[in-house]
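Note sheet for the following structure.
The values are calculated or read from the model by the stated rules, or taken from the named source; none is laboratory data. All values derive from a computational prediction rather than experimental measurement. Don't worry about glycine lacking a Cβ; one is built from the backbone with ideal geometry, like all the others, and counts go over all protein chains shown.
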Amino acid sequence: MTDTGSLLAKVVGPEHMLMEDRVPEEYGHDESLAVAARRPRYVVRPAATAEVSEILAVAAMRRVPVTARGSGTGLCGACVPGADGIVVSFERMNHVVEIDADNHVAVVQPGVTLAELDDHAAEFGLCYPVRPGEPSASVGGTIATNAGGMHAVRHGVTRHHVLGVEAVLASGAIVRSGGKYVKTSTGYDLTQLLVGSEGTLALVTEAVLRLKPRAGHGATVLAPFATAEEIARAVPRLLARGLDPLALEYVDMLTMAAMTAQQDLGLGIPQQVRDTALAYLVVVLEERSADRLEADVESLGGQLLELGAADVYLLPAAAARQLIEARERAFWASKAAGADEIVVPRASLPRLLAAA
């Protein structure tokens, strides 16, 4: 009987089937520090959906566990494989099949990175708004984990932008769900069932994604507060008044100090304010019109002062970019230190912070 490795090599070609000692260490882990790495027995790198179908048929026949892998940037150990299993790496399935500017959708393979998709969409004045903090993350990985990020406050998480998928079931059967339309009310929503399923139901081999018009103007506002509880109370009140920010981020005093020191980042905050501020609120606004953005910034500043901010600072573009990048890295550093994510309703934040 032909062994499993030979069957897999026949599907993808010997150069794209790695086995045992030939498997590089990187295929055994993602960026999680809490899940131990495990080297799989096989790594296969398919180039087409038909090959993924054949791989899963072989795995089903031989009863070998399968783990899908994108860029390996996740923090939860989702792509750590079984020691005797197969890793299906989508690094070769990395093509933007289509940018449909009329329907505001992109059709992409799972190995396309968020940065690559954004570059293609930008040529048409569009963007894919999901920003989990790592532009090298693959589209397939973000679909598998239903990734969110800073922009979720305005644009939601990944599932809000996946209109359709092509996927391969464990048997090797190929299925399609959804498409280039935003309204469907017939039958089960297989697309949304697969988003966030981490490869346990099927492997996504193509996705139809909703794109948004690209905003041409942006501003970042920083507001220091005397306490974290004041920020927690301010956020739902800001949103209730019609504020539609791209991002709303809380930064505590110690994290802000570490971020600014590490980046040598000057934000123009006087020392007397820094001495009394225990927390900061970062608000990112985006608009297609410069006049509308200016009006929004002015309105936001007044509301923040009314809600208890010590002052309001409109950051220069370079400083704003550095601050957001530092904030994203601070999240990764916190995870590395063992911090857990907690999800609560906005109105419960004051009580949560008071108990912390």
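Take the stretch 59-80 and flag every residue that is of a type in the set (Val, Ile, Thr) and buried (at least 20 other Cβ atoms within 10 Å of the Cβ). Val66, Thr67, Thr73, Val80 - these are the residues of the stretch 59-80 that are of a type in the set (Val, Ile, Thr) and buried (at least 20 other Cβ atoms within 10 Å of the Cβ). Hey, among Ala207, Ala279, which residue is in contact with a helix residue (DSSP H, G or I) (Cβ under 8 Å, 6 or more places away or on another chain) and closer than 19 Å to Glu328 by Cα? Ala279 is the lone residue from the list that is in contact with a helix residue (DSSP H, G or I) (Cβ under 8 Å, 6 or more places away or on another chain) and closer than 19 Å to Glu328 by Cα.
Looking at this structure, is Val52 buried (at least 21 other Cβ atoms within 10 Å of the Cβ), part of a strand (DSSP E or B) and over 20 Å from the mean Cα position of the chain (by Cα)? It is false that Val52 is buried (at least 21 other Cβ atoms within 10 Å of the Cβ), part of a strand (DSSP E or B) and over 20 Å from the mean Cα position of the chain (by Cα). Within the stretch 202-235, which residues are in a loop (DSSP other than H, G, I, E, B) and loosely packed, with under 15 Cβ neighbours inside 10 Å? Hits for the stretch 202-235 are Gly216, Ala226. Determine whether the stretch 75-91 contains at least one residue that is of a type outside the set (Ser, Thr, Tyr) and free of Cβ contacts under 8 Å to residues at least 40 places away in the same chain. No, that holds for no residue. I'm trying to understand the selection: among the residues of the stretch 31-50, which are touching a His at 6+ places or on another chain (Cβ under 9 Å) and either modelled with pLDDT of 95 or more or within 16 Å of Gly199 (Cβ to Cβ) (or both)? Those that are touching a His at 6+ places or on another chain (Cβ under 9 Å) and either modelled with pLDDT of 95 or more or within 16 Å of Gly199 (Cβ to Cβ) (or both): Val35, Arg38, Val43, Val44, Arg45, Pro46, Ala47. Of the residues Arg39, Arg22, the single one that is touching a helix residue (DSSP H, G or I) at 6+ places or on another chain (Cβ under 6 Å) and surrounded by fewer than 20 Cβ atoms within 10 Å (Cβ to Cβ) is Arg39. What do you reckon, is Gly172 touching a Leu at 6+ places or on another chain (Cβ under 6 Å), assigned to a loop (DSSP other than H, G, I, E, B) and not basic (Lys, Arg)? So Gly172 passes the test.
Here Gly179 meets the list (1) surrounded by fewer than 16 Cβ atoms within 10 Å (Cβ to Cβ); (2) in contact with a Gly (Cβ under 6 Å, 6 or more places away or on another chain); (3) touching a residue at least 40 places away in the same chain (Cβ under 8 Å) almost entirely, failing just condition (3). Among the candidates Val251, Val235, Val273, Val208, the residue that is closer than 30 Å to Val105 by Cα and either of a type in the set (Val, Ile, Thr) or touching a Gly at 6+ places or on another chain (Cβ under 9 Å) (or both) is uniquely Val208.
Could you check the stretch 152-185 and list, in sequence order, the residues that are more than 18 Å from Val108 (Cβ to Cβ) and within 17 Å of the chain's Cα centre (by Cα)? Hits for the stretch 152-185 are Ala152, Val153, Arg154, Gly156.
Selection within the stretch 262-295: residues that are touching a residue at least 60 places away in the same chain (Cβ under 8 Å) and either in a strand (DSSP E or B) or among the acidic types (Asp, Glu) (or both). The member of this set that is surrounded by the most Cβ atoms within 10 Å (Cβ to Cβ) is Val283.
Just the residues that are farther than 28 Å from Glu123 by Cβ and surrounded by fewer than 21 Cβ atoms within 10 Å (Cβ to Cβ), please, taken from the stretch 182-198.
The answer is Thr184, Ser185, Thr186, Gly187, Tyr188, Asp189, Leu190, Gln192, Leu193, Gly196, Ser197, Glu198.
Being over 30 Å from Leu239 (Cα atoms) and not hydrophobic (A, V, I, L, M, F, W, C), is that true of even one residue in the stretch 152-169?
Initially, the stretch 152-169 is screened for residues over 30 Å from Leu239 (Cα atoms), giving 164-169.
If we keep only those that are not hydrophobic (A, V, I, L, M, F, W, C) as well, we get 164, 166.
Yes, because at least one residue in the stretch 152-169 is over 30 Å from Leu239 (Cα atoms) and not hydrophobic (A, V, I, L, M, F, W, C).
For residues that are assigned to a helix (DSSP H, G or I) and surrounded by fewer than 18 Cβ atoms within 10 Å (Cβ to Cβ), scanning just the stretch 304-327, find the one that is modelled with the lowest pLDDT. Selected residue: Glu325.
You will find that of Gly111, Gly133, Gly149, the residue that is more than 13 Å from the chain's Cα centre (by Cα), under 21 Å from Gly77 (Cβ atoms), in a loop (DSSP other than H, G, I, E, B) and not assigned by TED's automatic domain parsing to the domain that holds Gly77 is Gly111 and no other.
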